[in-house]
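*Asks:* This structure is in structure tokens; I'll ask about it shortly.
The values are calculated or read from the model by the stated rules, or taken from the named source; none is laboratory data. Owing to the predicted nature of the structure, the values given are computational and were not obtained by experimental measurement. Ideal geometry is used to build each Cβ from the backbone, glycine not excepted, and the neighbour counts take in all protein chains shown.
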Amino acid sequence: MQNLEAYISTLLIVVAVATVLVNIIVEVLKKITWDLIPTNLLAFIVAETITLLAFFAICQVRGIPVVWYMVAAAVVLGLIVAYAAMFGFDKLRELIEQLGVIKSRRDQS
């Protein structure tokens, strides 16, 4: 059971780091490729690339044999990272703005 908890915590850390990396890379590349490629497609490509590279790196370091269903799971994980990178930052910013409005209303009362 402890081994499963270690893998899950590692997976969550990898997803969080990958999401932050995708956000940073897309922000930089967005300025370069503004008219050439849609931002969401760019985020998807960067997320899949980073996720698959991280997956293969972890498999190489830990000596885990790569099986087709693990690659499929890494691609699905890349979709999750892409979704978090595309919509997570905007939703987080909206939440912070809403909390600021709620706090300012509470302070006025």
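*Asks:* Filtering the range 59-93 down to residues that are over 21 Å from Phe44 (Cβ atoms) and part of a helix (DSSP H, G or I), which residue is modelled with the lowest pLDDT?
*Replies:* Arg62
*Asks:* Within the range 41-55, identify whether any single residue is in contact (Cβ under 8 Å) with a residue 60 or more places away in the chain and within 13 Å of the chain's Cα centre (by Cα), and answer yes or no.
*Replies:* Within the range 41-55, not a single residue is in contact (Cβ under 8 Å) with a residue 60 or more places away in the chain and within 13 Å of the chain's Cα centre (by Cα).
*Asks:* What pairs come out if I take residues in the range 1-18 that are within 17 Å of Thr51 (Cβ to Cβ) and part of a helix (DSSP H, G or I) and pair them with residues that are at pLDDT 85 or above and hydroxyl-bearing (Ser, Thr, Tyr) whose C-beta lies under 9 Å away, six or more apart or interchain?
*Replies:* Val14/Thr51; Val15/Thr51; Ala18/Thr51
*Asks:* Could you tell me how many of the residues in the range 9-45 are surrounded by 16 or more Cβ atoms within 10 Å (Cβ to Cβ) and not hydrophobic (A, V, I, L, M, F, W, C)?
*Replies:* Count: 2.
*Asks:* Sticking with this structure for a sec: Which of the residues belonging to the range 19-38 are assigned to a helix (DSSP H, G or I) and without any contact (Cβ under 8 Å) to a residue 24 or more places away in the chain?
*Replies:* Val20, Ile24, Glu27, Val28, Leu29, Lys30, Lys31, Ile32 - these are the residues of the range 19-38 that are assigned to a helix (DSSP H, G or I) and without any contact (Cβ under 8 Å) to a residue 24 or more places away in the chain.
*Asks:* While we're on this one: Go through the range 39-58 residue by residue and tally those that are closer than 16 Å to Tyr7 by Cβ and either part of a loop (DSSP other than H, G, I, E, B) or aromatic (Phe, Trp, Tyr) (or both).
*Replies:* Summing the residues that are closer than 16 Å to Tyr7 by Cβ and either part of a loop (DSSP other than H, G, I, E, B) or aromatic (Phe, Trp, Tyr) (or both) in the range 39-58 gives 1.
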